[in-house]
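What follows draws every value from the coordinates through simple rules; no lab data is involved. Predicted, not measured: the structure shown is a model, and the values here were computed from it. Cβ sites come from the backbone with ideal geometry, for glycine too, and all protein chains shown count toward neighbours.
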Amino acid sequence: MTIRKGLFTLTLVTLCSVSVLAQAGLFTKQADNAFENEAYFEAIDLYKKAYSKESDSEEKGRMLFRIAESYRQILDYDQQVIWYNKALKAQYDNPDAYLYLAQAYHRQGDFNQAIEFYEKYKDAAPDPMKAELGLSQAETAKELRDNPSRYIVQNEILLNSAEYDFSPGWAGDDFNTIYFSSSRQGAQGMEIDQRTGESFQDIFFTNRDQKGKWSEPERLTYRINTIHNEATPRLTNSFDMMVFTRCESTKDENKGCNVMITRKTGDQWSTAQIVDVKNDQSYETTTAGHPALTPGETHIIFASDMPGGIGGKDLWIAPFDKASMTAGEAVNLGPNINTKGDEMFPFVRQNGALYFASNGHSGMGGLDNFVAESNGENSWGNVENLGFPINSIGHDFGIIWEGDSERGYLTSDRNGGKGKDDIYSFNLPPLLFALEGVVYDKDSQQPVPEATIKVIGSDGASFEAATDAGGAFSFGEKGLERYINPETNYSIEVSKPDYLVAKDQISTVGLPESTTFLKEYFITFTAPDKAIEFPEVRYAYNKAELQVNEEVNSLDSLDFLYNVLVDNPTIIIELQAHTDSRGKVAYNQDLSQRRAQSCVNYLESKGIAAERMVAKGYGKGRLRITDAQIAAMNTEEEKEAAHQKNRRTEFTVLSFDYVPREESDN
C-alpha cells in the first residue's frame, strides 16, 4: 500500500505538472496570437496567466517584456515603468526595454530617469540614433516647458468622456459644428476593441450655441459608422463630402486601415466607400488613414506605411478628384516633413501651412504638433515645433485651426484630462497694451491738471487727452479697440501753456507679453524772470571756451538745451552766463558775456536760429554762493567747488512767440 500510495502521488504530481505546462503553453500561444493581432488588453491578461505557470526563466522574461509592450501600445505609462523594470530585472536581453522605459519616464515628466535609460540604450543598441533623439527630446522638453508660448489650452469637458475622444474636424463654416472620434458608450460596435480595451471608435458630432456651450455629442449614421473603428473626419469646404479613416479588425485579425469617403445629399450621408490610395510600389500589406484635403481640394494628404517611405508612418500626397471621389498616384512628402519616426494627423490651413503630428522631429516627447511653411504648390518645409503648452510630454496631435484666427482644437493625453485622449481648445489671447501716467510740475512736484498728452503712432494713429485734476491720464480701451497696439512705435508729447514741452517714446515692437506703460512726466514752468538750470556747462578758470576733455564735455550739456529748443520750437530764450566772485567787475562782465556767446555760437552751429537766443553775461552779480559762505568752508577743495558752482550757465524763456522760418523750396 505504501508503495502504491507513493506511486499514486508521483503520478498525480507528474500529471499536474504536465497539466500546468499544457496550460502555460496554451495561455502563451493565445497571448502571442492576441499580441500579434494588436489585442493588447487580452494579451496582458493571457501573458499574466501564462507567467504564473511558466518555469523557464528566459520565457518568463519574454512574457514580462510583452506585457510591458502591451501597456506601451495602450499608452499606460505607469504600468510600462513597472513591467519594463521587471523585464530588465529578469535580465531580458533586448535593448528596446531601455528605450521604452526611458520613453515612459519621459512621458511621466521624470527627465532625469529618462536620460539615464536613454544613455543605457545608447550603450546597448547597435543604432544609437533613437537614443540621441530621446536625449534631444528630453532637453527640448525642459526648454519648451520653461519657455511657454502665450497660447492658453483648456480641456473641453463637455466634449470629452472617460474613454477616447480625439481628432476633431470642422463641419460648418461658422465653426460651431465639429465631428470627432470617440470610443464612448453608444458606439455602433457593441464589442470591445481588444487593442484599446474600449468600444470601437465612431464619429460623433456636436453643435455650439451662442453662449459657446457644446451640445451632447451624437453618433453619425450607420452609413459611416460600423462595427469597426471610424475616426479622423475631414470635410470639404462646402461640407457636403467627408473623408475619414476606417480600421477593420476581428478578434483574430487586424486588417489595417483605409481612407474612406462619403457624400452628403440633403441631410443624409451616403454609404462610405474606400479611396484607393497607392504609389508605384506594392502596398498590399500597408495601412492608410488620417486624410486631409489641400485648401483647393485638388489633393489629398494622408498617413501610411506603404513601401517607399522614410520612416514608420509617413505623410503622402495624391491628386484628388471630387467628382469621382478617387485619388491618383501618391508621392511621399519627403525628408523635409517625414522622419524615421511617425508623421500623422495632417491639417492644411487656408494660408497653405501644413500642420501634423510627429514623434521623429525634435519635440517634447511622444507625438508633438508641428507646422511646416508652404514652399509653393504641394511642397512644405521649415518644420517648427508649436511649443508648450500646445504640446506636452504626452501625445499631442490632431490640431485644427478656426480659419485665420489664432484658436482651434487639438487632442492630447496629457495629465489632468477627463479620459484617455481628450479634446482641448486653444487660443492666443490678444496682446493688450496701455499707456498711463501722471504729469508733475518739476519744481513744486505737484500734479499738473489740464496738461495735454499727444501720442503719434508709427501706424499713422494720432490721439490726445488732457490730464485730470490729479494730473493723471490713461490710454487703454477705445471702444472695441485699443489706443496702444502691438508692433508699433509711439512718440509722446506733454505740453501746457507756460511750460516747456516734455517728449518721450514707447514701443510695443517685439514685446511678448501684455504691458501697461506707467509713466511720470515732470514739466518745467517758465516765466521771464525764472532761471532754468540744465546740466552744467564747464569753463576753465579765466576762460570763455567750452571745456571739453576726458573728464568734462560741455557740449553734452548744451545738447540738452538744443533738444529743449527743438522740442519747443516757438520759444525765445536768454542764455545767461555767470562767473565766480574773483576778479574785477568789468573783467568778469566781459568774460561772462563771452561765455554766453560761446554757447549761442555752438547752438547756432547745430541749426538753432540766432534770433531765438539772446546771449547775456551777468558777471559776478548773481552768485549762488556768497564769499562769506565760501570763507567759512574748511578746505580749499570745498571752496574751489563752490566757485565752480558760481561759474554756471542758465537760461530763461523770454517768450513763446517765435514763428519758425519756413524751409526754402530750393
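Observations on the model:
- When the C-alpha to C-alpha distance is required to be over 29 Å, the pairs from K142/K340; K53/K89; K340/K418; K503/K543; K255/K322 that qualify are K340/K418; K503/K543.
- The chain: relative contact order as a whole-number percent, Cα under 8 Å and 6+ apart: 8
- The lysine pair tally for region 554-666, using Cα distances under 25 Å and a gap of 8 or more places or different chains, is 8.
- Above-threshold pairs, the threshold being 20 Å between Cα atoms, out of K48/K122; K442/K496; K86/K120: K48/K122
- Dimensionless Rg over Rh [region 108-184; C-alpha; Kirkwood]: 1.17
- Nearest-ten-degree value, helix 585-605 long axis tilted from longest Cα axis of the chain: 40
- Cα long-axis angle, helix 554-567 against the chain (0 to 90 degrees, to the nearest 10): 80
- Here's the picture: charge each Lys and Arg Cβ at +1 and each Asp and Glu Cβ at -1 in region 379-509, and of L432, T411, F475 the one pushed furthest to the positive end of that dipole is T411.
- Cα-centred dipole magnitude for region 430-545, charges only on beta-carbon of K, R (+1) and D, E (-1), debye, nearest 20: 200
- Cβ-based exposure ranking for W316, W401, in which fewest neighbours within 10 Å come first: W401, W316
- DSSP bridge orientation in region 419-577 - percent antiparallel, rounded to nearest 5: 75
- Percent of Cα-Cα distances greater than 23 Å, calculated over region 433-523: 22
- Relative contact order, whole percent, for region 554-655 stands at 42, derived from Cα pairs under 8 Å and 6 or more residues apart.
- For region 315-435, the calculated P(r) over all alpha carbon pairs, in 10 Å bins from 0 to the bin holding the longest distance, is 12, 39, 32, 14, 2, 0 percent.
- Across all C-alpha atoms in region 365-504, the radius of gyration and Dmax reach 24.0, 71 Å.
- In this calculation the C-beta distance from Q547 to E487 is compared with R0 = 45 Å, giving a FRET efficiency of 0.50.
- Intensity falloff of region 127-172 expressed as log10 I(q)/I(0), Debye formula with alpha-carbon point scatterers, at q = 0.24, 0.30 Å⁻¹: -0.88, -1.04
- Per residue, the Cα convex hull of region 549-597 amounts to 98 Å³.
- Note on region 27-146: with charges restricted to the Cβ of Lys and Arg (+1) and Asp and Glu (-1), its dipole about the Cα centre is near 320 debye.
- log₁₀ of I(q)/I(0) at q = 0.11 Å⁻¹ - the chain, Debye sum with one point per alpha carbon: -1.08
- Taking 0.36 nm per residue of sequence separation and removing the Cα-Cα distance, the R407/M129 pair yields an extension gain of 96.5 nm.
- Angstrom value of the Kirkwood radius, inverse mean 1/r, which spans all Cα pairs in region 554-655: 14.5
- Positive-end extreme of charge dipole, the chain - chosen from L26, I300, T177 (charges on Cβ): L26
- Evaluated with a Cβ-only charge set (Lys, Arg +1; Asp, Glu -1), the chain carries a dipole of roughly 1280 debye about its Cα centre, given to the nearest 20.
- Around F345: net Lys/Arg minus Asp/Glu count, Cβ-Cβ under 12 Å: -3
- Spatial extent of region 477-553: Rg and Dmax, with the Cα atoms as the point set, Å: 20.2, 65
- Set of region 465-500 residues, backbone N closer than 18 Å to the point 7 Å along the Cα-Cβ line of Q446: 467-472, 496-500
- The alpha-carbon atoms of region 202-269 define a convex hull whose volume equals 104 cubic angstrom per residue.
- Under DSSP loop assignment and at most 11 Cβ neighbours within 10 Å, longest trypsin sites (Lys or Arg not before Pro)-free interval of the chain: 214-583
- Counted by Cβ distance under 14 Å from I523, the other residues give a net charge of -2, where Lys and Arg count +1 and Asp and Glu count -1.
- At q = 0.10, 0.12, 0.15, 0.16 Å⁻¹, base-10 log of I(q)/I(0) for region 152-427 (Debye sum, equal scatterers on each alpha carbon): -0.46, -0.68, -1.14, -1.34
- Cβ-based net charge around R263, under 12 Å, with every Lys or Arg adding one and every Asp or Glu removing one: +2
- Region 27-146: translational diffusion in µm²/s, Stokes-Einstein, Kirkwood Rh over Cα pairs, 25 °C, 0.890 mPa s: 167
- Percent of beta bridges antiparallel (DSSP, the chain, rounded to nearest 5): 90
- Inter-part distance where region 575-620 and region 320-391 are each reduced to a Cα centre, Å: 74
- Relative contact order (percent, whole number), region 27-146, Cα cutoff 8 Å, 6+ residue spacing: 16
- Exposure proxy ranking, count of Cβ atoms within 10 Å, fewest first, for H578, H290: H578, H290
- Arranged from fewest to most other beta-carbon atoms within 10 Å of their beta carbon, S182, S57, S362 become S57, S362, S182.
- Placing a pseudo-label 7 Å from each Cα along the Cα-to-Cβ vector at F534 and E373 gives an inter-label distance of 4.8 nm.
- Angle between the chain longest axis and helix 2-36 axis [Cα atoms, degrees, rounded to 10]: 50
- Coil-residue GluC sites (Glu not before Pro) of region 459-543, DSSP, other Cβ within 10 Å capped at 14: E487, E513, E533
- Kirkwood estimate for region 395-455, i.e. one over the average of 1/r between Cα atoms, Å: 16.4
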